[in-house]
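Comments concern the structure below.
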Amino acid sequence: MASKIILLHLPPLIITIFTVFLKIQTTTSSPQAPLILPLISQTLPHGFVSVPTPSSRKLSFHHNVTLTVSLTVGTPPQTVTMVLDTGSELSWLHCKKNQNINSIFNRQLSSSYTPTPCTSNVCTTRTRDFPIPVSCDPRKLCHATISYADATSIEGNLATDTFSFSGSGQPGIIFGCMDSGFSSNTNEDSKTTGLMGLNRGSLSFVTQMGFPKFSYCISGQDASGVLLFGDAKLTWLGPLKYTPLVKMNTPLPYFDRVAYTVRLMGIRVGSKPLQVPKSIFAPDHTGAGQTMVDSGIQFTFLLGSVYTALKNEFLEQTKGVLTLLEDPNFVFEGAMDLCFRVRGGVVPAVPAVTIVFEGAEMGVSGERLLYRVGDEVAKGKDVYCFTFGNSDLLGIEAYVIGHHHQQNVWMEFDLVNSRVGFADTRCELASRRLGMGP
């Protein structure tokens, strides 16, 4: 059950993919040295580009259907494409080709590839937060199995190799070199080589690279954005609102201790708070009910009782404004059962939904609140679905704040100070100010 909380992946229409192509401008082996990695280089007006501090790295990305980052691994370097996931710890690559895998990392061609033995500290100690314990294979190598909520699983050996950003290499990065598994979405798997884990675990990519923080900003309209590793003084960005990360020292069966967990305090529709017990927003004695901020999930999912209360209050406040799609068999992507018919594709004004955290609030309104369902699903009808879903229908016992509600919000994950910060901004302008947008 814990794996359903820790490593949540949804079907392709609910997963947004950020494609990051890295172009080096300053080469160095130090992760703290200045390193700017733009997608598109262009000349901007004088004074428009922010100058990063020596501890920052920045990348731009485009999101469309899947979330990926492109870089090189091994000696000599091999280009790989990895799904970017703040909800996962272990980074891994496909190392064995089959009919559904088009891109692999060939370990036999890399002179810097080193498998991890079972007796190593990495295998015996640093894998403690994996949902499935590691094992020792017949060759006495550390064997890992990763499981996801959509029934996908992948397994193989832990190893180390050099990960490079187009010339700037970081040796000794620990990852999984995967040989087998089962995928519920072979079409998406065929487009990528693996996954890059960015949670708070000791083996996540961001932890191994030693970055004090990272940030991203996702545009809602033109599918552009920016990803920034490290710290930078962005004078054009307004003050961030911070909410502390929840720490849990005691292992609990349904609590992911290395996720970006925050404290959910309540939810409002318009100015009216949901009439639910405050205790429902806190994890119970088993750890079920934690609230995670996750870039790998498109929409936001709530525990069943809270989702029902939100659904009913939204329906009450939109009577006569929205036309309910009264089809009991229509559940968008298996977890979103509140959908509407919108004539002419023009969504009327509806009350905003505010997610209240400890010390900060996140408002969800307009296009972030109602999502137009594709014609292949809606069958030619103008159908818009409420962008909050029922996590009970996904088989997870947690609240998950997805990236659709983070569009045009600067999101900062501060690992040193154990907090998440955010501020409303126009992300297409943020990309340009960082020297990456068109």
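The values are calculated or read from the model by the stated rules, or taken from the named source; none is laboratory data. These figures come from a predicted structure and were not determined experimentally. Quick reminder, even Gly has a Cβ in these numbers, built from the backbone with ideal geometry, and neighbours come from all protein chains shown. Note: areas computed on protein heavy atoms with side chains; ligands, DNA, RNA excluded. Shrake-Rupley method; radii C 1.70, N 1.55, O 1.52, S 1.80 Å.
In the stretch 162-173, the residues that are outside any strand (DSSP E or B) reach residues that are at pLDDT below 85 with C-beta atoms within less than 8 angstrom, at least six apart or across chains, in these pairs: Ser166/Leu22; Ser166/Lys23; Ser166/Ile24; Ser166/Leu37; Gly167/Ile24; Gly167/Thr27.
Beta carbons closer than 9 Å, at least 6 apart along the sequence or on distinct chains, pair a first residue in the stretch 250-271 that is of a type in the set (Asp, Glu) with a second that is assigned to a strand (DSSP E or B) for Asp256/Gln290; Asp256/Met292; Asp256/Ala398.
Just to be sure I understand, how many residues within the stretch 114-156 are touching a residue at least 60 places away in the same chain (Cβ under 8 Å), open to solvent by 40 Å² or more (accessible area, probe 1.4 Å) and farther than 27 Å from Ile297 by Cα? Number of matching residues: 1. The residues listed here are Leu264, Leu245; of these, the one that is open to solvent by 10 Å² or more (accessible area, probe 1.4 Å) and not aromatic (Phe, Trp, Tyr) is Leu245. The single residue among Gly289, Gly304, Gly334, Gly344 that is open to solvent by 60 Å² or more (accessible area, probe 1.4 Å) and either in contact with a helix residue (DSSP H, G or I) (Cβ under 6 Å, 6 or more places away or on another chain) or at positive phi (or both) turns out to be Gly344. Kindly state which strands (runs of 3 or more DSSP E) lie completely within the stretch 214-271 and contain at least 3 residues that are among the small types (Gly, Ala, Ser). Passing ranges, in order: 224-230. All conditions but one from (1) assigned to a strand (DSSP E or B); (2) out of contact with any helix residue (DSSP H, G or I) (no Cβ under 7 Å at 6 or more places or on another chain); (3) open to solvent by less than 10 Å² (accessible area, probe 1.4 Å) apply to Gly296; the one that does not is (1).
For first residues located in the stretch 73-100 and closer than 23 Å to Phe413 by Cα and of a type in the set (Gly, Ala, Ser), partners that are in a strand (DSSP E or B) and open to solvent by less than 10 Å² (accessible area, probe 1.4 Å) and lie 6+ apart or on another chain with Cβ distances below 6 Å form the pairs Ser88/Gly197; Ser91/Phe175; Ser91/Met196; Ser91/Gly197. Residues in the stretch 64-88 that are within 21 Å of Arg107 (Cα to Cα) and either at pLDDT 90 or above or over 13 Å from the mean Cα position of the chain (by Cα) (or both): Ser70, Leu71, Thr72, Val73, Gly74, Thr75, Pro76, Pro77, Gln78, Thr79, Val80, Thr81. Do we have Ser103 as open to solvent by less than 60 Å² (accessible area, probe 1.4 Å), closer than 26 Å to Gln78 by Cβ and more than 27 Å from the chain's Cα centre (by Cα) here? Here the answer is no, as Ser103 does not meet what is asked. Scanning the stretch 314-331 for residues that are assigned to a loop (DSSP other than H, G, I, E, B), exposed (fewer than 14 other Cβ atoms within 10 Å of the Cβ) and not aliphatic (A, V, I, L, M) gives Lys319, Gly320, Glu326, Asp327, Pro328, Asn329. In a residue-by-residue description of the stretch 175-183, the property of being farther than 21 Å from Phe105 by Cα, in contact with a helix residue (DSSP H, G or I) (Cβ under 6 Å, 6 or more places away or on another chain) and modelled with pLDDT under 85 applies to no position.
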